[in-house]
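Colleague: This is the structure I want to talk about, given as structure tokens.
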Amino acid sequence: MTRLSGSGDDQASGSAEDPMALAREISDAVDRLANLWSVAAQGARLRLSPHQLRALQILEATPGLNLTALSESMDIGLPTASRLCDRLEAAGLLERTLHPQKRREVRLSLTGPGLQVLDEVSARRSQALASVLAAMPPDERSALDRGLRGFRAAQDTTEP
């Protein structure tokens, strides 16, 4: 796998001409970012598994989901989602309430502490990323910003 060296050598600069070589470099950068993300999240006062954190993020974005919708969003089985919610509820991060019109349906919502945990994880991740970005020369940060904007624009035109 190609590694990002940050040295600006010919191999790194020439890779922009070869989409596959650049894809390998980006893949490495994504792996490093995922590790940075994971380490920052684990530094929070309440350590959550990646699945637990993802469930909280989904419920923050879509409050009131039922268990079936959460399991489908996470691409996990209903029993796994139920146990996951059991643990989050026991930790005081999630609450289950009956649907007002559908007696058999239970809604899942974050509690105040659940929202606080997400805020803390987000702040820790932003700080970790800002530390890395601060170590980059300003012109490279600007190039990264332009490149990411270009990537998002290209992705928007290629997605169905």
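Colleague: Would you call R47 free of Cβ contacts under 8 Å to residues at least 60 places away in the same chain and part of a helix (DSSP H, G or I)? Spell out the reasoning first.
Modeller: Details: free of Cβ contacts under 8 Å to residues at least 60 places away in the same chain: yes; part of a helix (DSSP H, G or I): no.
When the stated conditions are applied, R47 does not pass them.
Colleague: Now, a different point. Between residues in the range 66-83 that are in contact (Cβ under 8 Å) with a residue 24 or more places away in the chain and residues that are surrounded by 12 or more Cβ atoms within 10 Å (Cβ to Cβ) and part of a loop (DSSP other than H, G, I, E, B), which pairs lie under 6 Å by C-beta distance while being six or more apart or on different chains?
Modeller: Taking only residues 6 or more apart or on different chains, the pairs are N66/E105.
Colleague: Does L48 satisfy the criteria of being farther than 17 Å from Q116 by Cβ and aliphatic (A, V, I, L, M)?
Modeller: So L48 fails the test.
Colleague: Of a type outside the set (S, T, N, Q), on the phi < 0 side of the Ramachandran plot and in a helix (DSSP H, G or I): does that describe P113?
Modeller: It is true that P113 is of a type outside the set (S, T, N, Q), on the phi < 0 side of the Ramachandran plot and in a helix (DSSP H, G or I).
Colleague: What number goes with the only condition from (1) more than 20 Å from S27 (Cβ to Cβ); (2) free of Cβ contacts under 8 Å to residues at least 60 places away in the same chain; (3) not hydrophobic (A, V, I, L, M, F, W, C) that E159 does not pass?
Modeller: Going through (1) more than 20 Å from S27 (Cβ to Cβ); (2) free of Cβ contacts under 8 Å to residues at least 60 places away in the same chain; (3) not hydrophobic (A, V, I, L, M, F, W, C) one by one, E159 breaks only (1).
Colleague: Restricting to the range 123-160, give me the number of residues that are closer than 24 Å to G43 by Cβ and surrounded by fewer than 11 Cβ atoms within 10 Å (Cβ to Cβ).
Modeller: Qualifying residue count for the region: 3.
Colleague: What's the total number of residues in the range 92-122 that are within 17 Å of R47 (Cα to Cα) and open to solvent by 60 Å² or more (accessible area, probe 1.4 Å)?
Modeller: 5
Colleague: Every residue in the range 68-89 that is under 10 Å from A55 (Cβ atoms), of a type outside the set (G, A, S) and open to solvent by less than 70 Å² (accessible area, probe 1.4 Å), please.
Modeller: L70, M74, I76, L84, C85, L88 - these are the residues of the range 68-89 that are under 10 Å from A55 (Cβ atoms), of a type outside the set (G, A, S) and open to solvent by less than 70 Å² (accessible area, probe 1.4 Å).
Colleague: Take S71 and tell me if it is part of a helix (DSSP H, G or I) and over 12 Å from the mean Cα position of the chain (by Cα).
Modeller: yes
The values are calculated or read from the model by the stated rules, or taken from the named source; none is laboratory data. No experiment lies behind these values; they were computed from the predicted model shown. Neighbour counts run over all protein chains shown; Cβ positions are idealised from the backbone, glycine included. Ligands, DNA and RNA are excluded from the accessible area calculation, which covers all protein heavy atoms including side chains. Shrake-Rupley method; radii C 1.70, N 1.55, O 1.52, S 1.80 Å.
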